[in-house]
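See structure below.
The values are calculated or read from the model by the stated rules, or taken from the named source; none is laboratory data. Here the structure is a predicted model, which means the values were calculated and not measured. With ideal geometry, Cβ positions are generated from the backbone for all residues, glycine too; neighbour counts draw on all protein chains shown. Surface accessibility is based on the protein's heavy atoms, side chains included, excluding ligands, DNA and RNA. Shrake-Rupley method; radii C 1.70, N 1.55, O 1.52, S 1.80 Å.
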Amino acid sequence: MATLIHTLADHSDDVNCCAFSSSCLATCSLDKTIRIYSLTDFAELPYSPLRGHTYAVHCCCFSPSGHLLASCSTDGTTVVWDARDGRVLAVLGQPSGSPVRVCRFSPDSAYLVSGAADGSVVLWNVYSLKLYRSGDVKDGSLVACAFSPDGNFFVTGSSCGDLTIWDDKMRCLCNEKAHDLGVTCCDIPSHPISDGEHGSRSIQMASCGQDNKIKVWLILFADLGVELRYKSTLSGHSAPVLACAFSYDGQMLVSGSVDKCVIIYETNTGNILHTLSQHTRYITTCAFAPCSLLLATGSMDKTVNIWQFDNEQPGAGNIVENESKVAVENWSEDDVSAWLCAQGLADLVGLFKANNIDGRELLNLTKESLTNELKIESLGLRSKILQKIEELRMKMVSASAPVPDEFLCPITRELMKDPVIAADGYSYEKEAMENWISSKRRSSPMTNLPLHTLMLTPNRTLKMAISRWQETQQK
């Protein structure tokens, strides 16, 4: 079930686009502004709205890490903002000066694509914020763009109805007529590339257009090149379809139309799960959150509706449930990607996918493999990854069998990692007991009697017993 939980009505003109990060929602409008909201309570952030464009803002998108926000406008520029404080980091002018209709970050945040009304497409280097490559389509305006999960190619859609596949060097790999009256949007789910027929590789893509249709495609990779193969058409809308988007795992597809309806499909079957009709004018944009059960829809009625799904929806399973229902060592690369997002590590999704990190590989990662194989230079980032993996292992242990009570810290009631003995004779997690003492408490957490000394002695015997118990649970 999809439930309307909030409506944002701060824009003074049509809402053109909305985009999620793991913690925020961004919206942009004909009113020249971008607004950013916290997903915690949907309150607008203190530095919002962002004002920098001189004309209508057509599109906005977050980098995978959520640290950067890009927006593009009729004024011929793509602006890169620091999503944490709203500072302008760069104003990237389309070389032709043409109005920019769409922008997208690559999965590894290394590149940013901007597509313009004159058919020009630019690949910007995000690190240098300089133009890297450029190209153009033969006819029509560029209005849609989507990257492959590994970032090795991207697809653009034009107002003349073509879908064009480009590699990361801006070489055209394939061009196909997709919608007779023009493409309006396209999207590729974030799950990894899978094996296709006859030994080829394939991924799924959706496009929608002025012909009232939503089409599902397979992009096939074989020795002879790239092929865009039609798979199916999803019915339901009675007017041009202006927006479409996959859920993170690709199991749901949402669309918005001039008929004022939002339709949510089950991707595998094409069945309609929900039809939402709360907007009073054309639906211009829709987006699923990357790691939570939220959907945002924006409209020419100047509002953005936030919808929440229950846990039974296809594609709406949360990460915590997945951890308990599927053994981590059996996780797919897609499960690992979803876990990274839930841990605030979405910026690493592209890197982990490129190195085929599944559940078993994840559990075997070490400081050395993160440094030498994955080339993660930041010590802090390596430490955070290893800490999250250790927490995951602990959840695996606690889920597999009841933890003996003597292994639990009396203060936190969690499995102890570094047990110490206090003056009262009881063992505690070292950090928890140090926090107890630092709060100027001089009594025992267990007996409430005064502690004659604050000295804490490592309980190595208990630590070894916990370690042996963990090993038996992992077999």
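So the values come out like this:
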read-out	value
From ASP168, ASP187, ASP136, residue being surrounded by fewer than 21 Cβ atoms within 10 Å (Cβ to Cβ) and in contact with a Phe, Trp or Tyr (Cβ under 7 Å, 6 or more places away or on another chain)	ASP168
The range 246-264, residues that are assigned to a strand (DSSP E or B) and more than 15 Å from SER299 (Cβ to Cβ)	PHE246, MET252, LEU253, ILE264
Given (1) within 30 Å of SER12 (Cα to Cα); (2) not in a loop (DSSP other than H, G, I, E, B), number of the condition LEU273 does not satisfy	(1)
Meets criteria (small (Gly, Ala, Ser) and open to solvent by 30 Å² or more (accessible area, probe 1.4 Å)) for SER378	yes
Count of residues meeting criterion [within 21 Å of PHE20 (Cα to Cα) and not hydrophobic (A, V, I, L, M, F, W, C)] in the range 236-265	9
In the range 276-301, residue least open to solvent (accessible area, probe 1.4 Å) [restricted to those that are within 30 Å of TRP339 (Cα to Cα) and outside any strand (DSSP E or B)]	ALA289
Cβ pairs under 8 Å, 6+ apart, first in the range 346-364 and outside any helix (DSSP H, G or I), second open to solvent by 60 Å² or more (accessible area, probe 1.4 Å)	ASN355/GLU361; ASN355/GLU373
Some residue of the range 399-415 being of a type in the set (Val, Ile, Thr) and part of a helix (DSSP H, G or I)	no
One residue from ILE376, ILE385 being outside any helix (DSSP H, G or I), within 23 Å of GLY66 (Cβ to Cβ) and either over 22 Å from the mean Cα position of the chain (by Cα) or not assigned by the TED database to the domain that holds SER23 (or both)	ILE376
Filtered residue count, the range 328-375, keeping only those that are hydroxyl-bearing (Ser, Thr, Tyr), closer than 22 Å to CYS291 by Cα and open to solvent by 20 Å² or more (accessible area, probe 1.4 Å)	1
Per-region count, the range 429-452, residues in a strand (DSSP E or B) and either of a type in the set (Gly, Ala, Ser) or open to solvent by 80 Å² or more (accessible area, probe 1.4 Å) (or both)	2
Matching option when the condition is within 21 Å of the chain's Cα centre (by Cα), open to solvent by less than 10 Å² (accessible area, probe 1.4 Å), under 29 Å from PRO290 (Cα atoms) and touching a residue at least 12 places away in the same chain (Cβ under 8 Å), among PHE147, PHE105, PHE154	PHE154
Filter result (crowded, with 19+ Cβ neighbours inside 10 Å, over 18 Å from PHE288 (Cβ atoms) and free of Cβ contacts under 8 Å to residues at least 40 places away in the same chain) within the range 232-253	HIS237
So GLY256, is it in contact (Cβ under 8 Å) with a residue 40 or more places away in the chain and buried (at least 18 other Cβ atoms within 10 Å of the Cβ)	yes
Residue match in the range 210-222 (condition: farther than 22 Å from CYS172 by Cβ and of a type in the set (D, E, K, R))	yes
Listing of strands (runs of 3 or more DSSP E) fully contained in the range 94-143 that carry 2 or more residues being under 19 Å from THR74 (Cα atoms), in contact with a Cys (Cβ under 6 Å, 6 or more places away or on another chain) and among the small types (Gly, Ala, Ser)	111-116
Every residue from the range 152-185 that is in a loop (DSSP other than H, G, I, E, B) and more than 21 Å from CYS244 (Cβ to Cβ)	ASN152, ASP168, LYS169, MET170, ARG171
Residues that are open to solvent by 40 Å² or more (accessible area, probe 1.4 Å) and at pLDDT below 90, drawn from the range 192-217	ILE193, SER194, ASP195, GLU197, HIS198, GLY199, ARG201
